[in-house]
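The values are calculated or read from the model by the stated rules, or taken from the named source; none is laboratory data. Since the structure is predicted, the reported quantities are computational estimates derived from the model, not experimental observations. Cβ sites come from the backbone with ideal geometry, for glycine too, and all protein chains shown count toward neighbours.
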Ligand code: UD1
């Protein structure tokens, strides 16, 4: 077990390079199973979720090796359609492999996926979509078992715009016979990135980024080298860190467009933000004004993955805010930890009612999930005195070199083994 020790109140200054998006790399790695040709994914982030996905690919018989930060995948020797339960439990995105594994082997067996404990996270939309493509599904002893003679394109209407279901159906449809149309598809930038990757392999996918994605099945796919987009959630986390601590921070390789909902809120808080090509600069004088309300929504609305970080910011703003979580049921688990640091927050159902206090005070707190854990780190960086953040393994799932990057900006943060 490892923990962070943080001495707060340092302002943050300098620039930080944003990592490649976790939520792009994971489905792209899953997609690599679809082709027999070699694939190279460039500049991948060194995070546990990506390492676990690579382990799963290896279990499936693919050759997947690191070359620095690039990952080389040769799926020509893939020979296994079962995703072992110990790995599926580590990583929710293992469910994306259903689409590509069923496409490749016409059979797939996967243990129910894991990931952050932030609510029910059902996979019914993934399964309904696959059934529409001709897949027969049975569920037994914690496993989902899929079989099909042939995948056939169809029209699929999602009950809600699920990111994972949209991506999974895209993967299953790429080599299906005929055309698949996904309606009410999720519109996240990572879905557009997956489309770009699939088309680089020779697939015929269009419409990603809008609510209708059309996939015309092709017989064969080739190889390619691909650099996925930058991580908008990591970018957002560093911006909120700078807003809370005060100072001036520049993000390199960031997309302002992909986090415009966050930039809008941070400007409302009183931060000065300038954007130029792939750079975002944020200036903050530390004591900011509350935004009245934030509601998480599917893209392009405010991302649920930045909800915890923004709530932490609201806790030390002047005034009151209401944060509403519309996507995941139990995504306020970090709130009792923030209260230990002096926050005045009450959670009722899906709403957090925040009354701004002068500042956080250092405390020992526990990271229960990835983004909630990141929010606690930001709170500790802004807090008066010393904090300890326990169980940082959750944070390692999504942030590469987190403490190193924060330290480079002036944060007093160290990782310690216990
Ligand atoms: C993805 C992201 C995650 C982000 C989330 C929402 C990846 C690897 N993860 O997760 O970081 O927080 O999008 O932006 O890309 N739902 C169902 N049935 C289903 C599937 C989803 O009811 O079969 C519901 C969920 O409970 C949730 C909503 O749909 O309320 C959105 O979930 P979804 O978009 O599927 O999130 P993930 O793909 O799991």
Given (1) in contact with a helix residue (DSSP H, G or I) (Cβ under 6 Å, 6 or more places away or on another chain); (2) farther than 17 Å from residue 25 by Cβ; (3) at pLDDT 95 or above, index of the condition residue 137 fails: (3)
Hey, residue 54 crowded, with 24+ Cβ neighbours inside 10 Å and in contact with a strand residue (DSSP E or B) (Cβ under 9 Å, 6 or more places away or on another chain) or not: no
The stretch 164-176 - residue that is within 11 Å of the ligand (Cβ to nearest atom) and closer than 13 Å to residue 213 by Cα and, of those, farthest from the chain's Cα centre (by Cα): 169
Of all residues making up the stretch 4-27, the number that are within 11 Å of the ligand (Cβ to nearest atom) and either at positive phi or part of a helix (DSSP H, G or I) (or both): 6
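Are any of the residues in the stretch 142-157 part of a helix (DSSP H, G or I), away from the ligand (no atom under 16 Å from the Cβ) and surrounded by 19 or more Cβ atoms within 10 Å (Cβ to Cβ)? Explain how you work it out, then say what you get.
Going through the stretch 142-157, the residues part of a helix (DSSP H, G or I) turn out to be none.
No; the residues of the stretch 142-157 include none that is part of a helix (DSSP H, G or I), away from the ligand (no atom under 16 Å from the Cβ) and surrounded by 19 or more Cβ atoms within 10 Å (Cβ to Cβ).
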Matching option when the condition is over 17 Å from residue 269 (Cα atoms), touching a helix residue (DSSP H, G or I) at 6+ places or on another chain (Cβ under 8 Å) and assigned to a helix (DSSP H, G or I), among 379, 374: 374
Subset of the stretch 198-216 [closer than 19 Å to residue 227 by Cα, surrounded by fewer than 24 Cβ atoms within 10 Å (Cβ to Cβ) and either modelled with pLDDT under 95 or under 20 Å from the mean Cα position of the chain (by Cα) (or both)]: 209
Residue that is farthest from residue 75 (Cα to Cα), among those in the stretch 177-191 that are more than 13 Å from the ligand (Cβ to nearest atom) and surrounded by fewer than 23 Cβ atoms within 10 Å (Cβ to Cβ): 183
Verdict on residue 104 being over 18 Å from the mean Cα position of the chain (by Cα), away from the ligand (no atom under 16 Å from the Cβ) and surrounded by 16 or more Cβ atoms within 10 Å (Cβ to Cβ): yes
Strands (runs of 3 or more DSSP E) wholly inside the stretch 261-354 containing at least 3 residues that are over 22 Å from the mean Cα position of the chain (by Cα): 272-276, 279-284, 320-324, 344-348
Contacts under 8 angstrom Cβ, first residue in the stretch 348-370 being over 14 Å from residue 337 (Cα atoms), partner modelled with pLDDT under 95 and surrounded by fewer than 17 Cβ atoms within 10 Å (Cβ to Cβ), 6 or more apart: 350/329
Residue in the stretch 72-84 that is assigned to a helix (DSSP H, G or I) and surrounded by 17 or more Cβ atoms within 10 Å (Cβ to Cβ) present: no
Options 313, 282; residue that is closer than 20 Å to residue 369 by Cα and crowded, with 23+ Cβ neighbours inside 10 Å: 313
Matching entry among 119, 114 (being at pLDDT below 95, touching a helix residue (DSSP H, G or I) at 6+ places or on another chain (Cβ under 8 Å) and over 24 Å from residue 199 (Cα atoms)): 114
Hey, residue 161 within 24 Å of the chain's Cα centre (by Cα), farther than 27 Å from residue 16 by Cβ, at pLDDT 95 or above and not in a strand (DSSP E or B) or not: yes
Hits in the stretch 308-335 - residues which are more than 16 Å from the ligand (Cβ to nearest atom) and closer than 18 Å to residue 395 by Cβ: 312, 313, 335
Every residue from the stretch 378-406 that is closer than 24 Å to residue 50 by Cα and in contact with a strand residue (DSSP E or B) (Cβ under 6 Å, 6 or more places away or on another chain): 389, 390, 391, 392, 403, 405, 406
